[in-house]
Amino acid sequence: MTVPKEYIPHEIEPKWQSAWDMSMYHFNWEDNTRPQYIIDTPPPYPTGNFHIGNSMNWCYIDFVARYKRMRGFNVMFPQGWDCHGLPTEVKVEETHGITKNQVPRMEFRKMCEELTGTNIEKMRKTMMNLGFSTDWSNEFITMDPAYYVKTQKSFVKMFDMDRVYQDEHPVNWCPRCETAIAFAEVEYDSRETQLNFLHFDKLEIATTRPELLAACVAVAINPDDERYNESIGTNVKVPLFEYEVPVIGDNEVDSSFGTGVVMICTFGDKQDVRWWIEHNLPLRKAIDKTGNMTSIAGKYEGMTIAECKKAITEDLKSEGYLYDQKPLEQNVGMCWRCKTAIEILSERQWFAKIDRDEILNTADEIEWLPEYMKIRLVNWTKTMEWDWCISRQRLFATPIPVWYCKDCGKVMVAKEEWLPLDPTQTGPKEACECGSTEFNPEEDVLDTWMDSSITALHVSGWLTDHELRLPAQLRPQGHDIIRTWSFYTILRSMALTGKRPWDSILINGMVLGEDGHKMSKSLGNIISPETVIEDYSADAFRQWAAVGGSTGSDIMFRWKDVVSASRFLHKMWSIYRFSLSHLEDYEPKQLSADELDLPIIDRWLLSKLNTLVRSITASMDAYQFDEAFKSIRGFAWETLADNYIELIKSRLYGDDESGRKAAQYTLHTTIDTLSRLLAPFTPFFAEEMYSRIGKGSIHTQSWAEVDESFIDKDIERAGELIKDITSAVRRYKSENGMALNAPLKEIEIYGKLGDVTDIEGATNSPVKVIAGEPDFEHVPVGVKPNMGIIGPKFRKQAGAIIKILT
């Protein structure tokens, strides 16, 4: 049996990548005999770069998928692509030197689709190189009509349920992207600003946003503030703009902040929106969709927000209204994509209703791994005050299937059987109730989370001829999208089916650079998975992902961990090569373990091996991949290579046929078991191992089973004793300058030890086992003075006494 001397991953990995029949990973929709295990895989955004964070997360998913298949589950590990969104639009504009408004709508969309398709191919290649056991027969691409028809149908269904509606309402707005964004897409950053103190008619106020004076609709005071409560119910004039607004009382006003008097503008922040609704105040729109001032801003019309702020501040100073300024640290909401400060504008948009109790109750039905991650969803849900704004003012996204009657203005929502469609290209198939056949299309599109929030439904067979297999068994994802993907998926699954989307959710951390910071281009600490594969191997990368940290924790990428992983593969190859060199004449299952009458050290290894299988199975069931793989490495390197193999070499090379067969049986069993345990983690290496000892692919074999009859703690203690005795003899030889194979006259062992064959073989010396206790002659070999006693007693003579003693 020829086994190459060196393990060369750059030859082995491409070989198996080409040889594997990927259909062995396909989910069988017709199979109801095996338990299902459906994974709601995250659909990455097709940037063309399957980055290290993606790669780490997919390693985790692949560990689970491969393990569950070996345990007999009917596994679906699909691959999706979350295509729509602003980044692609921006990239297309940059690539072609255009803006989206300079070309026809459908031509621009086609450019986006072509770029996305190219990027998907690049990312697929990286995924294949990393050895993922993806079920490509269940691939989905959200920009394809076959997928977004479900997004559109879900919109129509939720509209019919009164869970989706259209209304004019304050929304978070990005002036740069010129689109509404959801609260989950708002990031916060601390910035230093100025708190401006103004004479506001007979009152004094403090504000960080003087540019919103034209949008002021009221001034608010806490009724318990005795300084100002007499002003409640009166009117005051707005500085520079000279129109009157009411002074109202509200307990939400913080009397200790600024002057204790605040202006209510439409809109400076969420608190303004609350007051606007509660007190039924008028609406004044001072900022438009592009972030410029409107006509109500008077002479400031057309200025950007920043320009207006500067100009108004100067005018307030010159007119004597501004009497003080103080620096202030403030959390500013920003667009998660472009980092522009968001505004709150009142716009007509589409919304999905949020049922907080339904989401929280469903979250309690789901197993969170780790459990402490659930609080992120709970806290986010409890803070939600507005419904989810699901419409966006972009082009490359799922069209909203809606038209507006030109005559009566009625909203016409498409019927499900008309879908998929783009209302800008296709009209409704029936007239309006008023009889008109003239319509204006809805040009807004759906939030990309409307696509990805139905992935659990899609992979479970929703709206297909297949039986709905909801809930899926696992949702693996990062902790950074709990408030988006997790939140929206639960909302949509419950609204559309009344069922939870998954049984369990596995939360992964982020990848940090060796400097401890999150990987980013600006910090120059980005490592690509392709670089790791080229320099070492895919299996080495996968090992790094496995042992890098526990579930939910951030993981630091360190090259030394990859080097260690690569060394283990080469060590394991040496073990494998040595073992197979002694198994050429071995036929598996020639004789049973009982028939072979295994020596203690063989039974010791098999006890340790089966204990290992039991431990790793428990770790895999708990998604503790780091514990599982560290156990494999420790067993292979220390127990098997450093101890067992050294102890049995004399039997493998000797003339005792029964002893040799026992060692062969144990070695073959161990190598076969290790190949199964390694298969989820290092699929290329495990396949290469198994190809010489088994039939078919290791990835179609069953998981290693625990043979409880082998687990024996007494045998393990006896085996440890043999190992320790052998180590002590070797240490003695080394300390005395002897070769490790040099014979000794005799080794005497006092105690109960029936089998000394392997000790004799490993030490090349006869062993005599003697009952009873040894008669030692105690000879002092050194004196160590106790200064704590000598010093205080003899003081000045202490040095001389110590010299005599030593």
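Only the coordinates and a few stated rules stand behind these numbers; no lab work does. These numbers were taken from a predicted model, which means no experiment stands behind them. Methodologically, a virtual Cβ is constructed for each residue, glycine included, from the backbone with ideal geometry; neighbour enumeration extends over all protein chains shown.
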Query raised in the report: Summing Lys, Arg as +1 and Asp, Glu as -1, what charge do residues with Cβ under 10 Å from the Cβ of ASN292 carry, ASN292 excluded?
Result: -2
**Report entry** Identified option (computed Rg/Rh (Cα atoms, Kirkwood Rh); candidates [x] 1.06; [y] 1.01; [z] 1.12)
**Finding:** [z]
Report summary line: With Rh as the Kirkwood radius over Cα pairs, region 179-344 has Rg/Rh of 0.94
Requested in this report: Identify all lysines with a Cα-Cα distance to LYS125 below 19 Å; exclude those on the same chain that are fewer than 8 residues away in sequence.
Outcome: LYS15
Query raised in the report: GluC sites (Glu not before Pro), restricted to region 335-440: which are DSSP loop and have at most 13 other Cβ atoms within 10 Å?
Result: GLU385, GLU430, GLU433, GLU438
Report summary line: The pairs in LYS608/LYS630; LYS560/LYS608; LYS285/LYS406; LYS406/LYS429 lying past 18 Å Cα-Cα in this model are LYS560/LYS608; LYS285/LYS406
Requested in this report: Would you order PHE487, PHE685 from fewest to most other beta-carbon atoms within 10 Å of each residue's own beta-carbon?
Outcome: PHE487, PHE685
Query - Extension gain from ARG71 to ASP144, taking 0.36 nm per residue of separation minus the Cα-Cα distance - result: 22.8 nm
Requested in this report: Order by neighbour count: VAL219, VAL756, fewest other Cβ atoms within 10 Å first, most last.
Outcome: VAL756, VAL219
Requested in this report: Return the ratio Rg/(2.2 N^0.38 Å) for region 432-545, where Rg is computed over Cα atoms only.
Outcome: 1.59
Requested in this report: Report the far tail of the P(r) of region 255-339, meaning the percent of Cα-Cα pairs longer than 18 Å.
Outcome: 60 percent
**Report entry** Straight-distance crosslink candidates among lysines, where the alpha carbon sits under 24 Å from LYS100 and sequence neighbours closer than 8 are dropped
**Finding:** LYS91, LYS110, LYS289, LYS339
Report task. Under a cut-off of 20 Å between alpha-carbon atoms, report the lysines in cross-link reach of LYS589, not counting same-chain residues fewer than 8 places apart. Result -> LYS661, LYS695
**Report entry** Cysteines having no other Cys beta carbon under 4.7 Å from their own, within the chain
**Finding:** CYS59, CYS83, CYS112, CYS216, CYS265, CYS308, CYS338, CYS389
Report summary line: On the formula 1/(1 + (r/R0)^6), with r taken between the Cβ atoms of SER734 and LYS630 and R0 of 30 Å, the FRET efficiency rounded to 0.05 is 0.55
Report summary line: Burial-style ranking of 265-272, 406-413, 618-625, average other-beta-carbon count within 10 Å with highest first, yields 265-272, 618-625, 406-413
Query raised in the report: What is the gain in length, in nm to one decimal, between ARG614 and ILE789 on full extension, counting 0.36 nm per residue of separation less the C-alpha to C-alpha distance?
Result: 57.6 nm
Requested in this report: Output the relative contact order of the chain, whole-number percent, from Cα pairs under 8 angstrom with separation of 6+ residues.
Outcome: 14 percent
Report task. Return the percentage of antiparallel bridges among DSSP beta bridges fully within the chain, rounded to the nearest 5 %. Result -> 70 percent
Query raised in the report: Nearest 20 debye, what's the magnitude of the dipole of the chain about its Cα centre given +1 on Lys and Arg Cβ and -1 on Asp and Glu Cβ?
Result: 2100 debye
Query raised in the report: Can you list the residues of region 304-340 with backbone N under 16 Å from a point 7 Å past the Cα of LEU195, pointing along Cα to Cβ?
Result: 323-332
Report summary line: Relative contact order in percent for region 562-666 (Cα pairs under 8 Å, 6+ apart) equals 39 percent
**Report entry** Whole-Hz couplings from phi, Karplus 6.51/-1.76/1.60, listed for region 98-115; x for Gly and Pro
**Finding:** 9, 10, 5, 8, 8, 10, x, 3, 6, 5, 5, 4, 4, 4, 5, 5, 5, 4
**Report entry** Inter-probe distance in nm under a simple model that places probes 7 Å from Cα toward Cβ, at TYR653 and ASN229
**Finding:** 9.8 nm
Report summary line: Expressed in nanometres to one decimal, the distance between label points 7 Å along Cα→Cβ at ILE481 and HIS96 is 2.6 nm
Report summary line: Any residue on another chain or 5+ positions along whose placed amide H is under 5 Å from the amide H of LEU195 is listed here as LYS326, LEU328
Report task. Please give the length that would be gained between ARG577 and ASP515 if that part of the chain were fully extended, namely 0.36 nm times their separation in residues minus their C-alpha to C-alpha distance (nm, one decimal). Result -> 18.5 nm
Report task. Hand me the GluC sites (Glu not before Pro) from region 670-752 located in a DSSP loop with no more than 14 other Cβ atoms within 10 Å, in residue order please. Result -> GLU705, GLU746
Requested in this report: Please identify which residues in region 660-698 have an amide N closer than 16 Å to a label point set 7 Å out from the Cα of GLN17, following the Cα→Cβ vector.
Outcome: 682-688
Report task. For region 516-543 and region 546-586, compute the distance between their C-alpha centroids and round to whole Å. Result -> 18 Å
Report summary line: Expressed in µm² per second, the diffusion coefficient of region 385-468 from the Stokes-Einstein equation, with Rh the Kirkwood radius over alpha carbon pairs, at 10 °C and 1.306 mPa s, is 109 µm²/s
Report summary line: Phi-derived 3J(HN,Hα) across region 78-90 with the Karplus relation (6.51, -1.76, 1.60, θ = phi - 60°), rounded Hz, x for Gly and Pro, is x, 10, x, 9, 8, 7, 6, x, 5, x, 5, 4, 4
Query raised in the report: In nanometres, what is the gap between the two model label sites at GLU534 and THR700, each 7 Å from Cα along Cα-to-Cβ?
Result: 3.5 nm
Query raised in the report: Using the count of nearby Cβ atoms within 10 Å as a rough guide to exposure, how do ARG577, ARG348 rank from fewest to most?
Result: ARG348, ARG577
